[in-house]
């Protein structure tokens, strides 16, 4: 059974009380502006007087103050809290104090006295983190998938991971879980947009607003980059290969286990098991990534199809037969049409020789896991890759070839290097070029123009008639 974390041992049970009920929008606006003042502007202290003044301003502009002010004032508690009902400013100040007092008693913040300054507002740590999440949700901020993938790949680089194994693994796990969570949220956003198209968009303008405004902002900005320049499959292979390297680095794994033990107060075996578990989680998430992205692709294609068909239906429902039939089906489904009598006729065209064939659904390709990269010997790798990296027609290699052709002679006709293959023909072109530029220990001299034939041939290959001459070294 999963050990669920006990939330209300960390936060007060009444924390979310002000954000429920008919006054929720007022309390949220006040909390959001306090958060903005505290964490999103230049550092300064939020004095109690400023806190109350800000709350008073929001209360004054709230419809609740104009329509149901007694709900904000509440019942009077003794003579000390009694306010003259004709004093608008005093009533407003009392309501602001009550609002601030409720947020304080619910556990969102407290006031701390600082000498020389006075009472200043301090958010509790849990409240600041919760407000950060709520503010980003309220602003509809969309995360950058490529940022998550880049961070994970960077943290798993050999030099970075070797320097701080524990921190790198812990942060890579956090970014991976965030990435998968946001991919699933993207999936839900596509589904929600499709349902709004089906259930709420009743006009062509509504379809366009959902497709071009909401869908583009919430889905396409991320989905487009996910499928193009920041394709996750590019990062996926690289990250899985780096996990292979990490799992083979016993020294780094031991260092990561020691860091886990220090941070979590764990014994050595438990910390080592936690490291292995986190590495397995990273691998599992990236190996199953194609399943998540395939579902996103299918839902995005469905949204596009639904938007196009509904737009065509709304624009042409009075001129096309399929649009008229769709109109009837929609009306019947909503029980908004009278009972209709349909005559059913036999179709004479659908015989055995009819040429129409129903479309077949193509089988979807199965996801193939990436093969783990085995530890290869560095010398074997060098022998395998080095010949491919060498330039076959570099000047030193061509000069060595000419030296073999000359075979100790001061000169030799170019026909001694006659080519038999395309590669040898290209090498002969470089030989002539290097023999003409003056930068080689040999030179190429063409035969005089009086010669009738200036081109030699060897099979299908033609080349200029001339001589390769060894240059004399200067003493």
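The values are calculated or read from the model by the stated rules, or taken from the named source; none is laboratory data. Only a predicted model underlies this, so the values are computations on that prediction, with no experimental measurement involved. Cβ placement follows ideal geometry from the backbone for every residue including glycine, while neighbour counts extend to all protein chains displayed.
Looking only at the range 374-415, filter to residues that are in contact with a helix residue (DSSP H, G or I) (Cβ under 9 Å, 6 or more places away or on another chain), surrounded by 10 or more Cβ atoms within 10 Å (Cβ to Cβ) and in contact (Cβ under 8 Å) with a residue 60 or more places away in the chain; which one of those is nearest to residue 440 (Cα to Cα)?
The selected residue is 402.
Residue check, residue 127 against (1) outside the structural domain of residue 44 (by TED's automatic domain parsing); (2) surrounded by 18 or more Cβ atoms within 10 Å (Cβ to Cβ), all met but one. Which one?
(1)
Is it true that residue 435 is loosely packed, with under 13 Cβ neighbours inside 10 Å and either without any contact (Cβ under 8 Å) to a residue 12 or more places away in the chain or part of a helix (DSSP H, G or I) (or both)?
no
Does the range 90-142 hold any residues that are touching a residue at least 12 places away in the same chain (Cβ under 8 Å) and at positive phi, and which are they?
107, 118, 140
Using the structure shown, decide if residue 424 is under 19 Å from residue 445 (Cα atoms), assigned by TED's automatic domain parsing to the domain that holds residue 464, modelled with pLDDT of 90 or more and surrounded by 10 or more Cβ atoms within 10 Å (Cβ to Cβ).
Answer is no for this residue.
Inspect all residues belonging to the range 134-154 and state whether any of them is touching a strand residue (DSSP E or B) at 6+ places or on another chain (Cβ under 6 Å) and not in a helix (DSSP H, G or I).
No, the range 134-154 contains no residue that is touching a strand residue (DSSP E or B) at 6+ places or on another chain (Cβ under 6 Å) and not in a helix (DSSP H, G or I).
Which residues, taken from the range 188-207, are touching a residue at least 24 places away in the same chain (Cβ under 8 Å), surrounded by fewer than 18 Cβ atoms within 10 Å (Cβ to Cβ) and farther than 11 Å from residue 310 by Cβ?
Within the range 188-207, 191 is the sole residue that qualifies.
Could you grab me the full set of residues in the range 323-335 that are at pLDDT 65 or above and touching a helix residue (DSSP H, G or I) at 6+ places or on another chain (Cβ under 9 Å)?
If the condition is that a residue be at pLDDT 65 or above and touching a helix residue (DSSP H, G or I) at 6+ places or on another chain (Cβ under 9 Å), then 326, 327, 330 are the ones that fit.
What are the residues in the range 145-171 that are surrounded by fewer than 16 Cβ atoms within 10 Å (Cβ to Cβ) and under 20 Å from residue 223 (Cβ atoms), if any?
Matches in the range 145-171: 147, 150.
Say whether the condition of being farther than 25 Å from residue 248 by Cα, assigned by TED's automatic domain parsing to the domain that holds residue 247 and either touching a helix residue (DSSP H, G or I) at 6+ places or on another chain (Cβ under 7 Å) or modelled with pLDDT under 85 (or both) is met by at least one residue in the range 153-175.
no
A quick yes/no check of all residues on (1) surrounded by 15 or more Cβ atoms within 10 Å (Cβ to Cβ); (2) more than 19 Å from residue 174 (Cα to Cα); (3) in contact with a strand residue (DSSP E or B) (Cβ under 7 Å, 6 or more places away or on another chain); (4) touching a residue at least 12 places away in the same chain (Cβ under 8 Å):
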residue: 260; (1), (2), (3), (4): yes, no, no, yes
residue: 264; (1), (2), (3), (4): no, no, no, no
residue: 267; (1), (2), (3), (4): no, yes, no, no
residue: 271; (1), (2), (3), (4): yes, no, no, yes
residue: 279; (1), (2), (3), (4): yes, no, no, yes
residue: 283; (1), (2), (3), (4): yes, no, no, yes
residue: 290; (1), (2), (3), (4): yes, yes, no, yes
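Would a scan of the range 208-220 turn up a residue that is touching a helix residue (DSSP H, G or I) at 6+ places or on another chain (Cβ under 6 Å), surrounded by 16 or more Cβ atoms within 10 Å (Cβ to Cβ) and under 17 Å from residue 289 (Cβ atoms)?
no
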